[in-house]
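Reading through the structure tokens given below for one structure.
Only the coordinates and a few stated rules stand behind these numbers; no lab work does. Predicted model, so just to flag it, every value in this text is computed and none were measured. Cβ coordinates were reconstructed from backbone atoms using ideal geometry, including for glycine residues, and neighbour counts include every protein chain displayed.
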Amino acid sequence: MKSSVSFSHGVLAFVFVFLAGLVQNTDLLSINHLKPNLVFVTLAALAFFISSAPFYALLAVFADVIIRFHPFFDRVDFAFLVVVLASYWLSDRLPSKPFVNYVMIVTFGTFLFYLIAAPSFILKAPFSVFFEVVYNNIVGFIIFLIFQSIFKNVSTRLSTY
């Protein structure tokens, strides 16, 4: 499903990550003070369409800078990048259809993020974590379908980067 296409698809990937970062930094999608991890679900969806690992890693770092702009690297940054890069690696290795794999990546990625970044949050607010997993999957479903329609004419990951 990953594509070999033009520069314009790479630019679109950056635009989608940028827009996801901007929206995530607002309360636009907030429901009862919980927001989906829009940047993570966007990058997880893009993992199925981008073939260049360095380009994908650049997108991940770009996304981290957008959502957490500060002069140091901390545990949350580490957790985010580990989960996002693991998503890329798993996108080609899980045995099911791409959308089922995507749901598994988003579900386990959300739990893994909290396990690394704030393990006590899982115990203190398990319903919040569960709601975020569900919310991430709902929003991610829409994002994945959008990317499928954008990259529908391509059969493999973006490889020109």
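Computed quantities for the displayed model
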| item | result |
| --- | --- |
| Protection proxy ranking, peptides 30-39, 58-67, 92-101, average beta carbon neighbours within 10 Å, highest first | 58-67, 30-39, 92-101 |
| Residue-span extension gain [Leu81 to Phe69] - 0.36 nm each, minus C-alpha spacing | 2.9 nm |
| Helical segments meeting 15 Å axial Cα length and Kyte-Doolittle 0.0 threshold in the chain (DSSP H) | 7-24, 53-67, 75-91, 98-117, 126-150 |
| Pairwise centroid distance, computed over Cα atoms, of segment 31-76 with segment 80-125, Å | 12 |
| Estimated translational D of segment 7-150 in µm²/s (Stokes, Kirkwood radius over Cα pairs; 25 °C; 0.890 mPa s) | 161 |
| Over the chain: helical MRE at 222 nm, DSSP H runs n ≥ 4 each giving -39500 (n - 2.57), nearest 500 | -22500 deg cm²/dmol |
| Net charge dipole size for the chain [Lys, Arg +1 and Asp, Glu -1 on Cβ; Debye, nearest 20] | 300 |
| Theoretical FRET efficiency, 1/(1+(r/R0)^6), r = Cβ-Cβ of Asp27 and Ile146, R0 30 Å, to 0.05 | 0.85 |
| Potential lengthening between Ile122 and Val100 on full extension [0.36 nm per residue; Cα-Cα distance subtracted] | 5.5 nm |
| Most to least packed among 103-116, 126-139, 11-24 [average Cβ atoms within 10 Å] | 103-116, 11-24, 126-139 |
